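Read the structure below first, then the notes.
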Amino acid sequence: MDTETKQVNNTVKAPENVGDVKTAFKAPIGGVPFRKPAFGQRPSFGMRSKNPRKNGPVRAERVKPEFEQKILNIRRVTRVTSGGKRLNFSVYIVAGDKKGKIGVGTGKANDTSVAIEKAYRNARKNMITLNLTKDMSISHEVSAKYCSGKVVIMPTPGRGISAGSAVRNVIELAGIKDITAKIISPSKNKLNIARATILALSIFDKKRSVNKDTENKETPKVEVKK
């Protein structure tokens, strides 16, 4: 008799009216409330999933790097020696903080990860700080040539970034906005194009502007009293 009464109490009566359908879903079944399942999950009747990973060690949050980097090209280089062929990897990288600092670096090693690390350190070593306008753009048109790469960069307020190839990578990582760049040379060498872009933007280098100001200023005359 006790088992029959328990089974009767656990059953839910069907709703007589259509408006009572919502209340029927909320009614407890077996003393456990019904929970609406999330998308892609099965309905759970008050049962908790036992996940052993939740009780494990907490992972430390990854620290954001100071500079963002983008790989321009990875080449496989072979060198023939008396003992056979030696395989190396050559990497070109652009690094910047999107706040005016930008640099290009190269690295070579037996492993790609080591070559990328070398190129990143080289980019940080050759980094320049640009003196940009309030709108994070350049003040006038500039052009430069490095080996076979020739680039022209001009400000275009309100039009965004209009550039391609390695020039766009350099401009984006430098944080420059509203600018148009053109590659005049027929060369497709990404390293030469990136270095030509850096050479053109180096006109706005803060160190260079400070040195010019100090050269233009006249040295104050000091009178020595006897």
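Every read-out reported here was derived from the displayed coordinates using simple, explicitly stated rules and does not represent laboratory data. Not measured: the values here are computed from a predicted model. Cβ: placed from backbone, ideal geometry, glycine included. Neighbour counts: every protein chain shown.
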Going 7 Å from the Cα of Lys85 in the Cα-to-Cβ direction, what parts of the range 94-137 have a backbone nitrogen less than 18 Å from that spot? 109-112
Taking R0 as 22 Å, what's the FRET efficiency between Arg168 and Lys188 from their Cβ-Cβ distance, rounded to 0.05? 0.95
Going 7 Å from the Cα of Lys125 in the Cα-to-Cβ direction, what parts of the range 84-106 have a backbone nitrogen less than 12 Å from that spot? 105-106
